[in-house]
1. Could you pull out every residue, at least 5 positions away or on a different chain, whose amide H is within less than 5 Å of the one on E114? Hs are placed 1.01 Å off N in the peptide plane, and Pro or chain starts have none.
2. Can you give me the % of accessible surface on region 28-104 that is carbon or sulfur? Probe 1.4 Å, all protein chains present, nothing else counted.
3. Expressed in whole Å with the largest first, what are the equivalent ellipsoid semi-axes of region 303-401 derived from the C-alpha gyration tensor as the square root of 5 times each eigenvalue?
4. Quick check: convex hull over the Cα atoms of region 161-203, volume per residue in Å³, rounded to an integer?
5. Principal axes first, then extents: for the Cα atoms of region 127-201, list largest minus smallest coordinate on each axis, whole Å, largest first.
6. Counting only other residues whose beta carbon sits under 14 Å from that of L452, what net charge do I get with K and R as +1, D and E as -1?
7. For the chain, report the accessible area per residue in Å² (1.4 Å probe, heavy atoms, rounded to an integer).
8. Provide the solvent-accessible area of M245, counting protein heavy atoms only and rolling a 1.4 Å probe, rounded to the nearest 10 Å².
Amino acid sequence: MYRLSSYSIFSEPLENGGYVILNGLTGAMDFMTNETALDLIKYQFKPNLPNNLLDKDSFSEFIERGHITNLSHDDEREQMRSTSKLLSEIEKETPCFVIVPNLDCNYRCTYCFERPLQNKISFTNKDITTNFNTVVSDQQIDSIFKTIEFIKSKPKTKPLDQIILYGGEPLSKENKDVVYKIVNHRSAREFTFVAITNGHDLDHFFPLLRKDKINQIQVCIDGPKRIHDSRRISKTGESSYDKIMKHLQVLVSKEISINIRVHIDQSNIGYFNELINIFDSKGLLNNKSIIIYVSLIYSKTPEGRVTTKVDILEIINNLNNSISKYNNIFIGSTQTNANIFISDALNKWKPYRLRSYYCLANSGMYVFLPDGNINACWESIGKDCSKIGSYFPSDKPNFNKMALEKWFNRSVNHIDECLDCPYCLVCAGGCAQYAEYNTGSLYKPFCDNFDLVFPHVLAKTCEDFISN
């Protein structure tokens, strides 16, 4: 007796007809006609599938690729658990390193989640103002790279070849010397760097922005000048919009990747089309070295829960027509990552890349802070909830074993709700820190409307592939 796999995922209808089916356990993707897809959807989550629903060859092929199975849901669920466990062991072999050169920032953005941390810097006799904890010292830079070497020396460990610079604002001109020392450190030669920056002082770092140094940056532009400047506020009173746009014009000619993040909430969603026209006039659209993506603004309720006031479906419906003709604009990081994975599978004729961890914070992210501590998650830097150890002032790192296990063992094979979900190894449980904020536990899902966004992304990406 055969049935449709419990992990079958159907795309939205393709514009010119047909659907795509993705199996969330095998990663197999297949195109199908409207008739075939609609016939199969009728039997989703039902125990039996008629043998005459597909022709003999198609039926056999769908069994081979995992779309159709003779396993019970419980048996298939155990396969999912085993696959997730295996993936988690592999993913743990690739840690990621994040260096925070500076906890302060030259901006005071209206929605910044680090504001409580930055506010402490403004006053004396607060925790944040003890020695060496606002900007990393030369001693700390050496200790950071010693700790990186220590982590790299563990068996079966092959770190990512990029180090992320994060903040605060990592690329502020006041701390130019610190950043140059980090990027040019003798132990950094095997790494390149990514900078998550507001872009205000980029002209002071142009010599580092090259293929073998900082070869990728992320900046934020939240709307046309009048909107952006009211949200991303420079402490000096300068127009943050003018500075970033000026620098982007220079960077387009360099051999680096540029991610432009547009933070969206109810106050600026209506200006996105105007911003697209500006991007078009600046030559930023349909550019292979530039990715532009919309990011929802999340905030905490008085009870400490994470929420957003903008409906992701509203964004998709409002903006989809505007962005459909551009191949480098995406709605959310979910769409950005999914597009990369889907495109990679289509172009290389291989299965979709399944994963057991939502992000590197759960497989081995080490965030080095100027206060000498190491956090696992950059969504909660400076907070005890993701603190996993320290690298300074002792001669070698001191890790909290319980905290390490809590963060680095969070994979979907440990989240029961995920194991029953078709998106288990596609969504991979969502943000762990947001799950903890909302439920009190890292080991709960944070779904964030993934099931509404992904079918849209699957259809759009496959349509682009067909048209090209």
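The values are calculated or read from the model by the stated rules, or taken from the named source; none is laboratory data. All values derive from a computational prediction rather than experimental measurement. Here the Cβ is made from the backbone with ideal geometry for all residues, glycine too, and neighbour counts use every protein chain on show. Note: accessible area is taken over every heavy atom of the protein model, side chains too, but ligands, DNA and RNA are not part of it. Shrake-Rupley method; radii C 1.70, N 1.55, O 1.52, S 1.80 Å.
1. Those lying under 5 Å, H to H, from E114: there are none.
2. Working: 2100 of 4250 Å².
The computed percentage sits at 49.
3. Semi-axes, largest first: 36, 20, 11 Å.
4. Measuring per residue, one finds 67 Å³ for the Cα hull of region 161-203.
5. Here the Cα extents, ordered largest to smallest, are 38, 28, 21 Å.
6. For residues surrounding L452, the net value is -4.
7. 46 Å²
8. Here the residue's solvent-accessible area equals roughly 10 Å².
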